[in-house]
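One structure is given here, and the rest of the page talks about it.
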Ligand SMILES: *[C@@H]1O[C@H](CO)[C@@H](O)[C@H](O)[C@H]1NC(C)=O
Ligand SMILES: *[C@@H]1O[C@H](CO)[C@@H](O)[C@H](O)[C@H]1NC(C)=O
Ligand SMILES: *[C@@H]1O[C@H](CO)[C@@H](O)[C@H](O)[C@H]1NC(C)=O
Ligand SMILES: *[C@@H]1O[C@H](CO)[C@@H](O)[C@H](O)[C@H]1NC(C)=O
Ligand SMILES: *[C@@H]1O[C@H](CO)[C@@H](O)[C@H](O)[C@H]1NC(C)=O
């Protein structure tokens, strides 16, 4: 009985070997995606190659990957145009290596752009790219997002690098935008997360280059931001901690602010602490070099008292900001007692414009207007 069972097992194993037909496919296979119908099979493999294709309008290109998968983007991905909520692309998994190979995801922005972003007009798919992986996301180009580009919620450490976000076409009015720039609310990165590095990337858009809403241990370094609203912490809502944020070696060109911390006037029980800036360069700044404002959504309105901001540092190497003649160098608007701790701004130099108001906090050291 036993020996005949064993010989059955041995024989069928031999049969499978000879036929090359293992009962379950090994995940070391290579999957290829040339249309959405290929996704289900391809994500059973730990190498996934994506060819150029167009995702049907109104559908999400969604990849839920095995641990340790390598993805190669080998062509451009476009998305059919229709007004819907999105997202257009979504990816999840741990220890993922995503190689964009300088290929692009094209969101079809001009189809949606009406100067109103997500505040009005047609429903625009957003975020365009929902990133829920750990590992690396490299060399990916995103052009013409309908509205917000990346929403990042990594499950463990993630480095995003050598990316391009090009929404520069949205800087100009179109027939739908009533004279306003057609692109609006096109935030580069919205991050409510921890253990994230975004490096060596170029972001051309019409809103925050990055908005860090919540989280810790986030590094934004060596990036170039052009045409938007600046590198932002916030807006900070209620019951949120933002801490351990490093903003270094970035180049900011023709943005409304270079660096901004905005907290909601109505927010309660939140803290923003240990934010460090170094070695950044900003030019052509239209409104404020550095804006720290607790009255969001107003600008320099009546500040709230529910968010404590502490330990904001400009350290060496010096961050140099040149603001336009009609702009303010810095503007501080803190609620009573809401800004505290050590604010050493030894590593900040701002040229041009006016001094700007400093209200609600007298503790900045090392910087003279
Ligand atoms: C969507 O519309 C935009 C703007 O007209 C266009 O550039 C893009 O090619 C369109 N996308 C597709 C898949 O047709
Ligand atoms: C970003 O650029 C810096 C300076 O060239 C380099 O040291 C660093 O390794 C780069 N980061 C990545 C993830 O490529
Ligand atoms: C205050 O915020 C923290 C998160 O930072 C949260 O854990 C806590 O529950 C909040 N407290 C109240 C009273 O909501
Ligand atoms: C401040 O943040 C940095 C970067 O995340 C971290 O290395 C450092 O330990 C933090 N300092 C404090 C006092 O928490
Ligand atoms: C700052 O001024 C320059 C030169 O006039 C202009 O090109 C740039 O757009 C201005 N920046 C902003 C953010 O408006």
Members of the stretch 194-213 found to be within 16 Å of ligand 4 (Cβ to nearest atom) and at negative phi, listed by number = 194, 196, 197, 198, 199, 210, 212
Filter the stretch 144-163 down to the residues that are more than 14 Å from ligand 2 (Cβ to nearest atom) and surrounded by fewer than 20 Cβ atoms within 10 Å (Cβ to Cβ), then identify the one that is nearest to residue 102 (Cα to Cα).
-> 153
Considering the stretch 119-150, residues that are over 20 Å from residue 80 (Cβ atoms) and out of contact with any strand residue (DSSP E or B) (no Cβ under 8 Å at 6 or more places or on another chain), and then whichever is farthest from ligand 3 (Cβ to nearest atom), we arrive at 120
Might you check whether a residue that is crowded, with 19+ Cβ neighbours inside 10 Å, more than 25 Å from residue 276 (Cβ to Cβ) and touching a helix residue (DSSP H, G or I) at 6+ places or on another chain (Cβ under 9 Å) occurs anywhere in the stretch 190-206?
-> yes
Selection count, the stretch 245-261, where residues are in a strand (DSSP E or B), surrounded by fewer than 24 Cβ atoms within 10 Å (Cβ to Cβ) and over 17 Å from the mean Cα position of the chain (by Cα) | 1
Could you please tell me which pairs satisfy a Cβ distance under 8 Å, a separation of 6+ or placement on different chains, a first residue in the stretch 259-275 that is at positive phi, and a second residue that is surrounded by fewer than 24 Cβ atoms within 10 Å (Cβ to Cβ) and assigned to a loop (DSSP other than H, G, I, E, B)?
-> 269/238; 269/239; 269/306
Only one of these conditions is not met by residue 24: (1) modelled with pLDDT of 50 or more; (2) surrounded by 11 or more Cβ atoms within 10 Å (Cβ to Cβ). Which number is it?
-> (2)
Return the only residue of 83, 62 being surrounded by fewer than 19 Cβ atoms within 10 Å (Cβ to Cβ), within 19 Å of the chain's Cα centre (by Cα) and at pLDDT 95 or above.
-> 62
Taking the stretch 214-228 as the search range and keeping residues that are crowded, with 20+ Cβ neighbours inside 10 Å and not in a strand (DSSP E or B), which one is farthest from ligand 4 (Cβ to nearest atom)?
-> 227
So which of 263, 271, 299 is out of contact with any helix residue (DSSP H, G or I) (no Cβ under 7 Å at 6 or more places or on another chain), farther than 22 Å from residue 366 by Cα and within 16 Å of ligand 5 (Cβ to nearest atom)?
-> 299
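The values are calculated or read from the model by the stated rules, or taken from the named source; none is laboratory data. For clarity, every value in this text was computed on a predicted model and none was experimentally measured. Here Cβ is always computed from backbone atoms with ideal geometry, including for glycine, and neighbour counts include all displayed protein chains.
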